[in-house]
Amino acid sequence: MVRLRGGLLGQVEGRTVADVLAWLATKPLTWRKNIRHVAIDMSATYCAALRTGLPHAMLSLVRRRTTAEIRGRRGRATDPEWKARRRLLRNREDLTDEQLAKMWNPLLDEGKIGQTLLTAWIVKESLRTLLALARTGADRHRIGQARYKFLTWCADADIPQVHTLATTVDRWWNEIAAFIDTGHSNAKSHGINGVIKLVARAAFGFRNATNQRLRTRCVTTRRARGHLRTAQL
């Protein structure tokens, strides 16, 4: 799926490098030369084609693994880490000082389980701080400091999920740095993808790929066009 400011630009079957390159080959050379930035999922396939996709999930995994290893069972409603599970997923700026204390102090008193979860929470917040530098005009020194702080917390943490997160960020750092520098993301394309799925569900599926592309383009470009003009599709 390819998106421009006016809505959906193209929809192609397949997710291989060849599929993406074949679609690009249908576009004029001048059009391709005018492309300056591309926002994609963290997919090696998409990345390879264009060169020729966490923190909340991580915290939940850390909580479940730590509880199972130390308590030898699944979490219960009486466990401090279970009580704090929702606050752990919230952003620091969305927590009042009282809410932060209710999360922090019981976990700190819980020993290894609580300290592990608080470390993972700090790692998550450090990554958010790094990504929040997008669209702020931050220089390389400031970005480097934020990245160093995040990676230092990851390196010092004896938590497999944190190490996996750090490895992913390091592997995709060039793309993440481009996002911080330009502020471009694929958030809007994800929104359009959600609309496409709703159209398919409303139609109970499509058997004709051409009809699917037509219906999808009608829905995703309606606002840009102002009204439906199927002759232009």
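The values are calculated or read from the model by the stated rules, or taken from the named source; none is laboratory data. Computed from a predicted structure; not experimentally measured. Please note: Cβ atoms are built from the backbone with ideal geometry, for glycine as well, and neighbour counts cover all protein chains shown. What goes into the accessible areas is simple: the full protein's heavy atoms, side chains included, and nothing from ligands, DNA or RNA. Shrake-Rupley method; radii C 1.70, N 1.55, O 1.52, S 1.80 Å.
Details
- Checked against (1) among the polar types (S, T, N, Q); (2) more than 27 Å from Ile35 (Cα to Cα); (3) modelled with pLDDT of 75 or more, Asn211 passes all but a single condition, namely (3).
- Count of the range 6-32 residues which are part of a loop (DSSP other than H, G, I, E, B), among the basic types (Lys, Arg) and modelled with pLDDT of 70 or more: 1
- Scan of the range 73-125 for residues that are under 19 Å from the mean Cα position of the chain (by Cα) and among the charged types (D, E, K, R), ordered by number: Arg90, Arg92, Lys124, Glu125
- For beta carbons closer than 9 Å, sequence separation of 6+ or different chains, a first residue in the range 124-141 that is open to solvent by 70 Å² or more (accessible area, probe 1.4 Å) and a second that is at pLDDT 90 or above, the qualifying pairs are Thr129/Ala146; Thr129/Lys149; Thr129/Phe150; Thr136/Arg142.
- For the range 142-175, taking the residues that are of a type in the set (Phe, Trp, Tyr) and within 11 Å of Leu127 (Cα to Cα), the one that is surrounded by the fewest Cβ atoms within 10 Å (Cβ to Cβ) is identified as Tyr148.
To keep it simple, each residue is scored yes or no on (1) at positive phi; (2) outside any helix (DSSP H, G or I); (3) at pLDDT 85 or above.
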| residue | (1), (2), (3) |
| --- | --- |
| Ala120 | no, no, yes |
| Arg128 | no, no, yes |
| Ala166 | no, no, yes |
| Ser185 | no, yes, no |
| Gly205 | yes, yes, no |
